[in-house]
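J.: Sharing a structure below in structure tokens format, with a few things to ask.
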Amino acid sequence: MADFKRIVILTGAGISAESGIDTFRAAGGLWEQHRIDDVATPEGFARNPDLVLSFYDKRRAALASASPNPAHVALARLEREFAGELLLVTQNVDDLHERGGSFRVLHMHGELQSALCTSCEVRTRWHDTMRNRPPCPVCQARSLRPDIVWFGEMPYEMGRIYSALESCDLFVSIGTSGAVYPAAGFVQEARAAGAYTLDLNLEPSEGSRLFDESRLGPASLLVPAWVDDVLSCAEA
Ligand code: BJW
């Protein structure tokens, strides 16, 4: 592996699968258990807020019994030891990167442990349930919703992400199907900037053919091995 200076990493549900968090599109995954239109769109929330609040309350509660796996821990090690620039972007709404030791994580699709007030638009750390309509700690309105980016909504921090993609020399995608935009298009942005592109996935993803290199296997094995490669090249 060459000596890279500016790395952008995109993670998806696959990196948390071995921690017991359901992915979306696998057989038995979240989208087989629930209709996307019902639980992951603003229209679904307007139609049936109880259903949506319960869906996210359950997932927030389940997070408490999950633990980071060696892939999360390896990326935290990379953050500590890599001397160049690193941007870790996750589509995941869990906090396993942070619990694995990463400090700088950009959650482009929001976070389960955050509430967004639809009245004052303030985001607040949130560990409790929402179905009981608690008041917003800032404006007291009972207008909290999960701080999750649903279909049709703008993901967070797009300016920072595109700017890092424009200047990166390595783009690595880990455990994502490449089925959801704009994240699915990051590989093309990175390629246009001249970056080397690497896909780490359990199986070939929708976007695999767009990458310079694909490594297949579980994230808990692939990611620590790749981090070892990067750090040993940087030392050499
Ligand atoms: C393992 C493993 C192991 C398993 N080890 N690997 C252009 C073209 C077409 C459509 C659009 C377009 N632009 C926008 C759209 C519309 C839409 C969209 O993409 N629709 C598609 C269905 C086509 N996008 C949007 O609406 C987005 N907003 C938007 O585009 O705003 C306008 C805009 C314009 C221009 C620039 C910027 C913005 C918003 C998307 C919001 C997505 N939200 C969700 C749900 C909310 C979160 C939640 O409830 O948790 O986010 S959808 C869901 O999919 C979730 C995920 O973050 C996201 C991606 O899923 P992910 O992570 O890839 O999971 P899976 O299950 O699909 O794949 C798991 C992978 O892991 C697999 O590949 C496995 O093989 C692998 N794996 N075990 C390694 N052990």
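The values are calculated or read from the model by the stated rules, or taken from the named source; none is laboratory data. Computed from a prediction, not measured in an experiment: that's the story for all the values here. Neighbour counts are summed over all protein chains in view; Cβ atoms, including those assigned to glycine, are modelled from backbone coordinates with ideal geometry. Accessible surface is based on the protein model in full, side chains and every heavy atom, while ligands, DNA and RNA are left aside. Shrake-Rupley method; radii C 1.70, N 1.55, O 1.52, S 1.80 Å.
J.: When you go through (1) part of a strand (DSSP E or B); (2) free of Cβ contacts under 8 Å to residues at least 24 places away in the same chain one by one for LEU88, which number turns out not to apply?
T.: Only one criterion in (1) part of a strand (DSSP E or B); (2) free of Cβ contacts under 8 Å to residues at least 24 places away in the same chain is unmet by LEU88, namely (2).
J.: Please enumerate the residues belonging to segment 27-57 that are of a type outside the set (Phe, Trp, Tyr), crowded, with 16+ Cβ neighbours inside 10 Å and within 8 Å of the ligand (Cβ to nearest atom).
T.: The answer is LEU30, VAL39, ALA40.
J.: Moving to a separate point now. May I ask you to list pairs of residues, at least six apart or on different chains, whose Cβ atoms are under 8 Å apart, with the first in segment 1-14 being over 30 Å from ARG59 (Cβ atoms) and the second being open to solvent by 20 Å² or more (accessible area, probe 1.4 Å) and within 16 Å of the ligand (Cβ to nearest atom)?
T.: So the pair list comes out as ARG6/ALA164.
Rundown of residues vs (1) under 19 Å from ASN92 (Cα atoms); (2) within 13 Å of the ligand (Cβ to nearest atom); (3) among the hydrophobic types (A, V, I, L, M, F, W, C); (4) in a loop (DSSP other than H, G, I, E, B), yes/no style:
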site: PHE151; (1), (2), (3), (4): yes, yes, yes, yes
site: PRO155; (1), (2), (3), (4): yes, yes, no, yes
site: GLY178; (1), (2), (3), (4): yes, yes, no, yes
site: PHE186; (1), (2), (3), (4): yes, yes, yes, no
site: GLU189; (1), (2), (3), (4): no, yes, no, no
site: ARG209; (1), (2), (3), (4): no, no, no, no
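J.: Quick one: which of ALA46, ALA26, ALA61 is assigned by TED's automatic domain parsing to the domain that holds TRP126 and in a loop (DSSP other than H, G, I, E, B)?
T.: On the way: ALA46 fails: in a loop (DSSP other than H, G, I, E, B); ALA61 fails: in a loop (DSSP other than H, G, I, E, B).
Exactly one residue qualifies, and that residue is ALA26.
J.: Considering ALA195, ALA179, which residue is of a type in the set (A, V, I, L, M, F, W, C) and surrounded by fewer than 16 Cβ atoms within 10 Å (Cβ to Cβ)?
T.: Numbers: ALA195 fails: surrounded by fewer than 16 Cβ atoms within 10 Å (Cβ to Cβ).
When all the criteria are applied, what remains is ALA179.
J.: Does SER220 fit the bill of being under 23 Å from PRO70 (Cα atoms), near the ligand (Cβ under 7 Å from one of its atoms), of a type in the set (Ser, Thr, Tyr) and touching a residue at least 40 places away in the same chain (Cβ under 8 Å)? Please lay out each step first, then the result.
T.: Numbers: under 23 Å from PRO70 (Cα atoms): yes; near the ligand (Cβ under 7 Å from one of its atoms): yes; of a type in the set (Ser, Thr, Tyr): yes; touching a residue at least 40 places away in the same chain (Cβ under 8 Å): yes.
Yes, satisfied.
J.: Quickly run through segment 117-128 and pick out the residues that are within 16 Å of the ligand (Cβ to nearest atom) and surrounded by fewer than 20 Cβ atoms within 10 Å (Cβ to Cβ). Outline the logic, then answer.
T.: From segment 117-128, those within 16 Å of the ligand (Cβ to nearest atom) are 123, 126; that's our starting set.
ARG123 - this is the single residue of segment 117-128 that is within 16 Å of the ligand (Cβ to nearest atom) and surrounded by fewer than 20 Cβ atoms within 10 Å (Cβ to Cβ).
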